[in-house]
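Here's the structure we're looking at; comments come further down.
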Amino acid sequence: MKTTLRLLAVLMLLLVYACKNSASPVYETTAKNSTEKGYQGQKQSAIVPTVNKPVQKQWKGIWSFDDETTFFSNDFDGARLNGVSVDGNDHYTVWITAENTPINVSPWYAFKVWTKNPREITVKLLYQDSRSRYFPKLSADGIHFKPIDSTAYKAINPGEGEFGIKAAPESVELTLSVTENPLWVTAQELYTSKRVKSWIDSLATKPYVSIQEIGRSIESRPIHLMEIDEVTSSKKALMIISRQHPPEVTGFIAMKSFMETISGESELAKKFRAEHTVFAVPLMNPDGVDNGHWRHSMGGIDLNRDWQNFNQPETRSVRDFLKSKSANGYEFVFGADFHSTWDDIYYPVDTLFSGQKGKIVFDWIKKISDRLPQKKTNVRPSKRIKPTMVSSAFFYVNYNMPAIVFELGDDTPRPFLKEKGKVAAEELMRLLLEE
Ligand SMILES: [Zn+2]
C-alpha cells in the first residue's frame, strides 16, 4: 500500500513538472535584466470599474486680451485650453486641465492664437498635477504640423531620467510669432473625427474598401468600421483598432500606414486580400478626440479597461460586431490595437496562453525588427488575460486571436512611424499567407 502511495506521489510530481514545462512560453522574449536598454513598458494595469463617471465639459470660445487685439481660442474640434491669463509684457499663461481625475498623465492641449498687432509673445503652459509630456507642434492651417523650433522652447524645471512623466519638464514657455492668421499650438498633430472619416472615405473609393457605422458614442458620434474585402472563398479575418486614447496620434499614424499598405496595389497585398478580410475601427473614442480629452471617453472612462464589463457604448459596438461576424463563420487570425506611449514597445499576448497559434505574433515582431534595425523595440508579453479588461486580452480569450497592443513612441519620427506601419503590414501579410 505504502509503495503504491509513494509511486502515486512520484507520478503526481512528474505530472506537475510536465504541466509546468508545457505552460512555458514558446518564445522567451521578455527583457530579463534591468540593464537592457530602451523603454521597458508599464506595470500591469490595475483592475478598475468602468461605470460612467462625471466629465467636466470644456468651456468653448475665444479669450481676448490687450484691448481686444490678441486672441486665444479653443473653439474647434480636438481643442483643449481651459484658461488663459495675461501677465504683462506680452507674456501669457495657459491652463490645461483634464476631463476628470484620476487620469493617465497624457496632458493633451490644442489651441489657436492670433493678433491684430503682429509680434512675438511668450506663452507658458501649466498642467493640473501633471507635467509637459508632449513637445509642441505648430500649424498655420490645422492640417500640416511641425514641432516648434527648439530655440522657441524653454523647459521650466526639467525632469529626470529617460522615460515617464518624471522625465518631462514641469512646464514650458514658448516664444510664438503671432500674426493676424491663426497659429495652431497642439500636443500632437490634429486627427479629429472629421479628418479620420475623410481618410477612410478616401480609401473607400477603392471597390474593395467600404465603411459602415457599427455604433454610436455617448455624444452620438458614429463608430466607423472600415472593411477591406476582396475575398473569394475564405472566412479568415483580422481585427484592427486604434485611438481608444485620444492623444495617441502616433499609434494612429502607424495604423493608417498599415491599413494603406494592406489596401494598396502591391502583388503581396492583392494575394493577401484574396484570402483575408480586414476589419478596422480607426477611431474608437471620437468623443474623447473631438473634446480634446487626455484619456477618457465621454463616460469619463478609460475605454481600454472596459473589455470585460462593456459599460461603454464604444467598446460594446466592437464586441457586438465581432459576435455577429463570428456567428457568420469568420475565423479571426490576428488582432491589433494601436496606441502610443513613451517609446515604441510591443505588448503581445504571451504564448504561455496563446501557444503555437500565438507564436505568429512573435515571428512577426522579429521580422519587423530585422527590417528596421535602426530602432530597437522591446517586447513585453502580457501575462494577464483575465479579466479581459483590455482589448488584446478580449480578442484572444473570446476569439482565440493572436493579439497585440502595438505601441509607438510619442516622439518617434513621423517618417519612421509610416515605415513601421508599412513594414508591419507587409510582414504580417507574408506570415499569414504562409500559414
Ligand atoms: Zn493607449
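Quick notes on this one:
- Residue check for T388: β-branched (V, I, T) and within 16 Å of the ligand (Cβ to nearest atom): no
- Some residue of segment 114-121 being under 29 Å from the mean Cα position of the chain (by Cα) and assigned by TED's automatic domain parsing to the domain that holds E160: no
- Residues that are under 24 Å from T70 (Cα atoms) and open to solvent by 40 Å² or more (accessible area, probe 1.4 Å) are absent from segment 156-164.
- The C-beta contact set for segment 224-245 (first residue in the same structural domain as V405 (by TED's automatic domain parsing) and farther than 16 Å from A269 by Cβ, second residue surrounded by 21 or more Cβ atoms within 10 Å (Cβ to Cβ) and small (G, A, S), distance under 6 angstrom, 6+ apart or interchain) comprises M239/G335; S242/G251.
- Scan of segment 39-76 for residues that are of a type in the set (D, E, K, R) and loosely packed, with under 11 Cβ neighbours inside 10 Å, ordered by number: K43, K57, D67, E68
- In segment 338-375, the residues that are free of Cβ contacts under 8 Å to residues at least 12 places away in the same chain and of a type in the set (G, A, S): S369
- Residue pairs meeting the criteria (Cβ under 8 Å; at least 6 apart or on separate chains; first within 17 Å of W364 (Cα to Cα) and open to solvent by 10 Å² or more (accessible area, probe 1.4 Å), in segment 400-426; second within 15 Å of the ligand (Cβ to nearest atom) and in a loop (DSSP other than H, G, I, E, B)): V405/V390; E407/D344
- Segment 194-224: number of residues that are open to solvent by less than 30 Å² (accessible area, probe 1.4 Å), small (G, A, S) and either touching a Phe, Trp or Tyr at 6+ places or on another chain (Cβ under 9 Å) or closer than 27 Å to T412 by Cβ (or both): 1
- Being open to solvent by 10 Å² or more (accessible area, probe 1.4 Å) and within 23 Å of S45 (Cβ to Cβ) is not true of D344.
- Checking V105 against (1) within 16 Å of the ligand (Cβ to nearest atom); (2) farther than 30 Å from P49 by Cβ, the condition it does not meet: (2)
- Cβ-Cβ under 9 Å pairs, at least 6 apart or on other chains, segment 257-271 side basic (K, R), far side surrounded by 13 or more Cβ atoms within 10 Å (Cβ to Cβ) and in a helix (DSSP H, G or I): K271/M429; K271/L433
- Some residue of segment 308-322 being touching a Phe, Trp or Tyr at 6+ places or on another chain (Cβ under 6 Å) and open to solvent by 10 Å² or more (accessible area, probe 1.4 Å): yes
- Taken together, S106, S85, S73 contain a single residue that is over 29 Å from the mean Cα position of the chain (by Cα) and either at pLDDT 95 or above or under 19 Å from E173 (Cβ atoms) (or both), which is S85.
- Exclusive hit being more than 15 Å from the ligand (Cβ to nearest atom) and in contact with a His (Cβ under 8 Å, 6 or more places away or on another chain), set V333, V349: V333
- Any chance A110 is touching a residue at least 24 places away in the same chain (Cβ under 8 Å), in contact with a Leu (Cβ under 7 Å, 6 or more places away or on another chain) and open to solvent by 70 Å² or more (accessible area, probe 1.4 Å): no
The values are calculated or read from the model by the stated rules, or taken from the named source; none is laboratory data. The structure displayed is predicted, hence computed values, not measured ones. FYI the Cβ positions are ideal-geometry reconstructions off the backbone, even for glycines, and counts take in every protein chain you see. In case anyone asks, the SASA skips ligands and DNA or RNA and just uses the protein heavy atoms, side chains included. Shrake-Rupley method; radii C 1.70, N 1.55, O 1.52, S 1.80 Å.
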